[in-house]
Structures are given as C-alpha cells and as structure tokens.
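Presented below is the structure to which this report refers.
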Amino acid sequence: MITGLLTRTEVKIEGTVQGVGFRPFVFRVARELALTGWIVNGTDGVTIEVEGAAEVVGLLLEQLRTSCPPGARIERMTVRSVPAVGDREFIIQPSLEEGAKQLAISPDLATCADCVMELFDPRDRRFRYPWLSCTQCGPRISMVTAVPYDRANTTMSRFVLCVACRAEYEAPENRRFHAESTACPACGPKLALWDADGQVSAEGEEALQQTCRIIRAVGIVAVKGIGGFHLWVDATSEGAVQLLRARKRRPHKPFAVMFPSLEAIRTYCILSPDEAERLTSPEAPIVILQRLEGTSLTQGVAPGNVTVGAMLPYMPLHHLLMRELDGPVVATSGNRSEEPIVTGDEEARRRLAEIADAFLIHDRPIARPMDDSVVRMARSGPIVLRRARGLVPRTIRLPESIARDVEGPVLGVGGHLKNTVALLDGDRILLSQHLGDLSTLETEYAVRQAIDDLQWLLQVKPRAVACDLHPDYRSTRLAEELAGRWDVPLIRVQHHHAHVVACMAEHGVTGEVLGVAWDGSGYGVDGSLWGGEFLLATYRESERVAHLHPFRLPGGEQAAREPRRAEVAVRWETFGAQGCLAAVEEGTEWRAQAQLVVAMLAKQIQSPVTTSMGRLFDAVASMLGLCQVASFEGQAAMALEQEGTAASASVHGEDEAYAIALVSQEETPRRWIADWRPMIELMADDLSRGIERSRIAHRFHRALAELIGQVAERVGVRQVVLTGGCFQNVLLADLARARLESAGFVALTHREVPPNDGGLALGQAIIAATQLRPGC
C-alpha cells in the first residue's frame, strides 16, 4: 500500500484526446489507483483534476505519458498543483461548451481487433452489423459537426441509442463507455442497395450479398464508406478493371487495391515489417508495395508499374464484403477524374451515374469528405503522398521560439494541384484533408467548404490570408476574394519557400536551412517558372542560391502532359537546333509535330523559361522511351524511378553518376547554376552505344544526389531540407539522404505532410504569420 501526503493536481492535455477512449482510459486508471477527482472534455482538449497520495498521482501521470489508447496523441501536457477538495470518487463530468476552441478530435480510426471479433461472432448482438465501433475505432472527424466531441455534435445524433447501447455507453467498465459512434442493428444506420436509377433493390444483409454478386459478375459498385464513396471492381478481372478505366476516363493512373487480410497481401506483394505495421495501424492508409510476378492480380490495376497501392478493410462494412468476396478488389476514390470524392447519396447517383452499375449506401450522413491517405516507405521512414483519412485532423506544432514570432490566425489556401488549406492559430496549424486539383468547380466548392469548416469548428476568423505567387491559380483568386471580403491583408508566398518551411515546421527546426525544392513548377519571384531550386531559408524569408540551368517549355502546360516536348527542349538547349531532332524518327506523326515544337523554341513562342526538375525528369524519361505522352501527373517520373530502381537492385547498380557542372554566376559569386547539359550529352552517347536504360536511369538519379551534396558543401549550412514533388521518389530521397549524411549534413524529409503541393498551405500560413509580425 502506497501512502503519502495528500495532493491534488490539475492536468491540461492538448492533442488528439477526444473520440479515442481517452476519458474512459483515465477513468479506469484513476479508479484502479483509488484516486478521486474528475475529467472533462473541453473545447481546447481535456482537463483532469486528480487527488490522492503524491506517489499515486505520479503513477497516473506516468500512465498518461506511456500507455494512452492507440488513437490518442498528446501534443502538450501541463501539470500544476491545486488545493485539495476532498472528492469521494473519480467521475467523468459533462463536456464543456465554453472557451477558446481548439480542435482536439481524433481522425477516423480503422476497426479494432475486438470489434472485428464481434462482427463475426454469431452469439454477439452486433453479429454482421456494418457499423459497430467502440472507443478504439470508427468514424470521428468525418461525422463531427461541432466541438466538443459528443454524440449530439455528430451525424450520429439522429440515431437514438437503444436501451442496450445506452447501458454500454454509461458503463465505465465497458469498451463502449462514452463511444459516440456506437450503435447496433436496433438503433443504428441501415444498409441499402440502389440500382443505377436510384431505386432500392435490396436492404440489409441482402444488399450486401447482391453487391458481391454484382462485383463477381464484372460490375462496378459505388460503396459508401466513412469519408466518401469508393468504386469497387474485381481486381483479378482485366475486363472489369478496363471497364472502370473507360468509364472513369483514367487510362493509366494506378488504382488502389483492397485485400482481405495481411496474409492475402503477402500472396500478391512483397511486404516489409514496417509496411505491415502501417497497413495494420489505426490510420490504415494505402501503402505502396512492390508487386510479385505471376499472381492473379491484373496488370490493369497499375499498367506498366511494378508497385501497387494496397490497403486493408478499415470499417466493418469492408470486412463483411471482403469476407464474402475472398479476393482483392479495386477500391478507388468515388469521383470523376480530377474531382473531389463524393459523399452524399443523391450526389453519388448524379455524379457517378455513368460509372457505377449500383450504389451500396447507408443513412449516416458524412460531415466532410475524407479520401484515403497514401504512404510510401523509404529507408528513413514513411513518405506521405496524400494526407487524409487516419491522419487528419492532427495538428502541426510550431517550436516555441518560432510561435512567439508569429501573428495569427492566418489562412493558407494552398496551390492549384493536390490542394489543401491550413489555418494557423497560435502555435498550432491545422492542415485540411486532401481536396483535389483546382481544375473543376466541384473542387473549388470543396475548398470553400473546408475553409468554412476550419473556421466554424475553431470559431476563428483569419486576420490574414496567404496564397501562392502565381497570379492565375484558382486558389490565388479565391484568396484575393476572401481577403477583400474579410478586409484583411493578402500575403503572397513564393511556392518553393512554402515547400521548405512546411518541412521545417514538421521537424520543429529553427535557424537557417538549405532547402532543396524540386517539383514540376512554381512561380518564381522573377516571374519565370522555377522548379529545381536551392534556397537559403528561414521561416520568414529565403534566398535563391542555386538552380538548374534554365530551358524553355514549348507549349507551356502542354509540355507537362507531353514529356517528348520537354525532351526536344532539353536537346535543343544541349545540341542546338540541328541536333535536337536526331532521335525523332523520320516520317512519323510526331516528327511533324516536333518540327513545330522546334519552331516554337526558335521563335520563343508560347515557350516559357523554366528551371523545373520535374520537367527534366520528363525529358530524360522520354529520351529513354519510357513515357512520351502522360495521362496523369508524375507518370514519366514514376517510370524513370522504377527503371532506376531496377538497376540499383541488379549487378549494374554501381556508384557511377553522370556529372552535373556547378557554374558560378559572375555577378553573384555565391550563386550557382547546375548545368545538366553535359549529362544529357553523356546520356545520348550511352543510348547510342546500347547501354541499358535502367543503368542510365540509375546514373541520372545518382547525379542528382551528387548535385545536392555538392551544393550543400559549397553553401555550408548543416541542415538540408529535401522537399517538393520530386522527393516522392524513394530512390532519389534515399540516395540524396545517403550522400548528405556521408558528408556530415542533417537531411530533413517530410514525415507527416506530403512533399508535394499538399503541404504548401502549411508553409504559406507560417511564412505569412512571421511576416505579419514586424521586426522579427
């Protein structure tokens, strides 16, 4: 028995502590330790007051730090002594509605093992019920309508708990104690199958069985999930997959595939322990895996690609369907190409009518769209390619030394592609879920909703709006509109500086960094299209210290869709007008077009200047015959990475790299241009000599890693940030990290925020907030 001086302690906790069983966890631990006091949900997190012997209170605090529920994430915990009051027991108090609102809600969590056991237990009253959940799993942010997180503030409020569910909800020893998403067949959401005309063709269990029959018969079913609809087809049927591609107008971009179990994934893919851990985590993202050869998985799920985006069932409905189908299915986002994911039943019937043969729906409304997160594993850890379900709404915390120097709240509206929005308030930044490309009115509407959503949930009005420098981005025009309507400053932020700062914030670094920001393109301060940049950066400002040798993009955006145009431009820059068409076959349709491209370059017509690393990747991929015309962003670069990775795993994976010359600019000796033209000459020579293109691709990647190392050594700043869409490339990221670390530098890569434009809003908000504070 532990005895000691009676003490009372107040504990304030911020982070993901609502909707994850945190209050029941603290309640049980406090009761087990015979402590008294209370715990309460507030608008800014959780507050605990606990009374007992000092040593025992210390045990509770240790459990808070080391043994929280899986979905909980403590970002800040402050502890102070308060006067003892002599409570007789420990209780959970009703949630507080007043106070400064800080989102403390959990992301949506994958179905836990206990719930899966109940789902398939014939003796359980929730046997085969598609919406069972508990404090450890189920929908959270996708169903919340206000804070604090209580059932009345969710889309489950319409489903009144039955007597049995109410008893569990109120029993502290029960796994569903204060589980706001809990329900059962008697009181919860119901399942129905609609035909293509929106007529109910089946309900309940029969709806599930009919869905499986349609999928087995090479049909397409739109399945309503936690954060939106997926389009499901049999992943072992080439006909079904090609039908989906034709209807969705998505000829080549890889589809995600759902597998029944981890064991099933091992039948089709190479799976590392780290990848398995990610797949089975509460976040349950899509994980990019290496495919095995000779399986029944059709090539059509990822044409020409040796990887596949794999995921596991993460809600009970998925588990039921996959148990029946007993094989892999394509489960791709329910949308038309380039549009946001569909969430509403009638919206799905309207927008997916030309794609789906049937609609498996339920009557729980979805409060906000939440697509699947996508992750790749590199040697240094995960690379988040798309941040959404399972990861949102986790906050990014600024270092205290930086938080002192920012003025907020500030809204960042992101870029044009892979848009997200961010809201900075104090030392916390909330980054929205992936919203899509701003090329459609539907995505713009989703972005506006997300902006309203953040303000409404947090009860915060921005005092400034940050956007990209590019004057023609739809996000820029939206920012101009909002700043005018709210009468607040509009702060325009350089694209690549925002990339660098987003990564800095993730790591909480202070001081100056060398930022390597490589992507497709971003508007530069000189009005040209940047994209192969080395920036000396702080949170407030940046200086361009090196960049790629510039070249022209004939046709502008058309060159991004046709890597062969970038190849002609790069050859023009390297070999001149006479040699740039040497590799283009006479008498072909492309030869005639290429001659027009050369004329555009000669006359500098519709051929903007760029330093884009992304377009250099395109040019090299086209030179190697890997991709001349792309149907989705990054297609050429993916093919080039795949080719280079093949060489690194073979006997030809030597350390040899092409040379890229670093040339000092005469007017600014401490600024360099990375001249890639000698490398292109060597590549062309290797191709003419019949060198394997995998070796050429690998040498190209090594050349880029060596370039990063050389610039870092000349600049002399120890911390080097690797950011931008090009660093979704695992081969490049791993080679660059190895080169930097071998020379004593610290390589910083993204861990929770995408290196692509999905992280721009975060960087924009921080830069703007520091610039608002004079003299910092």
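The values are calculated or read from the model by the stated rules, or taken from the named source; none is laboratory data. All figures in this text were calculated on a predicted structure; none of them were measured in a lab. We place every Cβ from the backbone using ideal geometry, glycine too, and count neighbours over all the protein chains shown. The area values use the complete protein model at the heavy-atom level, side chains included, leaving out ligands, DNA and RNA. Shrake-Rupley method; radii C 1.70, N 1.55, O 1.52, S 1.80 Å.
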(request) List every residue pair whose Cβ atoms lie under 9 Å apart, where the two residues are 6 or more positions apart in sequence or sit on different chains, the first residue falls within region 115-140 and is of a type in the set (Phe, Trp, Tyr), and the second residue, located anywhere, is modelled with pLDDT under 95 and in a helix (DSSP H, G or I). (result) none
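Results for (1) closer than 14 Å to HIS362 by Cα; (2) under 33 Å from the mean Cα position of the chain (by Cα), shown as yes or no for each residue.
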site: THR135; (1), (2): no, yes
site: THR145; (1), (2): no, yes
site: VAL160; (1), (2): no, no
site: VAL163; (1), (2): no, no
site: ARG175; (1), (2): no, yes
site: GLU205; (1), (2): yes, no
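Pick from ILE226, ILE220: which is under 30 Å from VAL29 (Cβ atoms), touching an Asp or Glu at 6+ places or on another chain (Cβ under 6 Å) and open to solvent by less than 10 Å² (accessible area, probe 1.4 Å)?
Details: ILE220 fails: under 30 Å from VAL29 (Cβ atoms).
Going through ILE226, ILE220 in turn, the sole match is ILE226.
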(message) Any residue in region 362-381 that is among the aliphatic types (A, V, I, L, M) sitting within a Cβ distance under 9 Å of a residue that is assigned to a strand (DSSP E or B) and open to solvent by 20 Å² or more (accessible area, probe 1.4 Å)? List the pairs, counting only those 6 or more apart or interchain.
(response) VAL374/ILE288; VAL374/LEU385; VAL374/ARG386; VAL375/ILE288; VAL375/PRO382; VAL375/LEU385; VAL375/ARG386; MET377/ILE288
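Among ILE660, ILE673, which is the only one that is of a type outside the set (S, T, N, Q), touching a His at 6+ places or on another chain (Cβ under 6 Å) and over 18 Å from VAL730 (Cα atoms)? Walk me through how you get there before you give the answer.
Details: ILE660 fails: touching a His at 6+ places or on another chain (Cβ under 6 Å).
That would be ILE673, the only listed residue that is of a type outside the set (S, T, N, Q), touching a His at 6+ places or on another chain (Cβ under 6 Å) and over 18 Å from VAL730 (Cα atoms).
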(message) For region 641-663, give me each residue that is in contact with a helix residue (DSSP H, G or I) (Cβ under 6 Å, 6 or more places away or on another chain) and at pLDDT below 60.
(response) HIS652, GLY653
(message) Report every pair of residues separated by at least 6 positions or lying on different chains whose Cβ atoms are under 6 Å apart, first residue within region 72-91 and in a strand (DSSP E or B), second open to solvent by 70 Å² or more (accessible area, probe 1.4 Å) and modelled with pLDDT of 90 or more.
(response) THR78/LYS12; PHE90/ARG31
(request) Sort out which residues of region 296-329 are open to solvent by 10 Å² or more (accessible area, probe 1.4 Å), assigned to a helix (DSSP H, G or I) and closer than 24 Å to ALA639 by Cα, and write them in order of number. (result) GLN299
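Table: residues versus (1) open to solvent by 40 Å² or more (accessible area, probe 1.4 Å); (2) within 30 Å of PRO409 (Cα to Cα); (3) touching a helix residue (DSSP H, G or I) at 6+ places or on another chain (Cβ under 7 Å).
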| position | (1), (2), (3) |
| --- | --- |
| ALA34 | yes, no, no |
| ILE39 | no, yes, yes |
| THR43 | no, yes, no |
| GLY58 | no, no, no |
| MET117 | yes, no, no |
(message) If I filter region 378-405 down to residues being charged (D, E, K, R) and not in a loop (DSSP other than H, G, I, E, B), which single residue comes out as least open to solvent (accessible area, probe 1.4 Å)?
(response) ARG389
(request) May I ask you to list pairs of residues, at least six apart or on different chains, whose Cβ atoms are under 6 Å apart, with the first in region 280-301 being within 26 Å of ALA72 (Cα to Cα) and the second being open to solvent by 40 Å² or more (accessible area, probe 1.4 Å) and at pLDDT below 95? (result) PRO282/PRO70
(request) Report, by residue number, each residue of region 342-359 that is buried (at least 24 other Cβ atoms within 10 Å of the Cβ) and either part of a loop (DSSP other than H, G, I, E, B) or at pLDDT below 95 (or both). (result) VAL342, ALA356
(message) Among (1) at pLDDT below 95; (2) over 30 Å from ARG351 (Cα atoms), there is one condition ALA446 misses while meeting the rest; what is its number?
(response) (2)
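Would you pick out the residues in region 159-172 that are open to solvent by 40 Å² or more (accessible area, probe 1.4 Å) and under 20 Å from ASN41 (Cβ atoms)?
Looking only at region 159-172, we keep the residues that are open to solvent by 40 Å² or more (accessible area, probe 1.4 Å), and these are 160, 163-164, 166-167, 170.
Matches in region 159-172: ARG166, GLU170.
Could you tell me which of the residues ALA483, ALA560 is farther than 28 Å from ARG718 by Cα and modelled with pLDDT under 95?
On the way: ALA483 fails: modelled with pLDDT under 95.
Just a single option satisfies the conditions, and that option is ALA560.
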(request) Kindly indicate which of PRO107, PRO139, PRO122 is at pLDDT 95 or above and more than 24 Å from PRO172 (Cβ to Cβ). (result) PRO122
(request) Find the strands (runs of 3 or more DSSP E) located wholly in region 406-522 whose residues include 1 or more that are closer than 30 Å to ASP150 by Cβ, of a type outside the set (Ser, Thr, Tyr) and open to solvent by 30 Å² or more (accessible area, probe 1.4 Å), and list them. (result) 422-425
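When you check LEU438 against the structure, is it in contact with a strand residue (DSSP E or B) (Cβ under 7 Å, 6 or more places away or on another chain), under 30 Å from VAL570 (Cα atoms) and modelled with pLDDT under 95, yes or no? Walk me through how you get there before you give the answer.
On the way: in contact with a strand residue (DSSP E or B) (Cβ under 7 Å, 6 or more places away or on another chain): yes; under 30 Å from VAL570 (Cα atoms): yes; modelled with pLDDT under 95: yes.
Yes: the conditions hold for LEU438.
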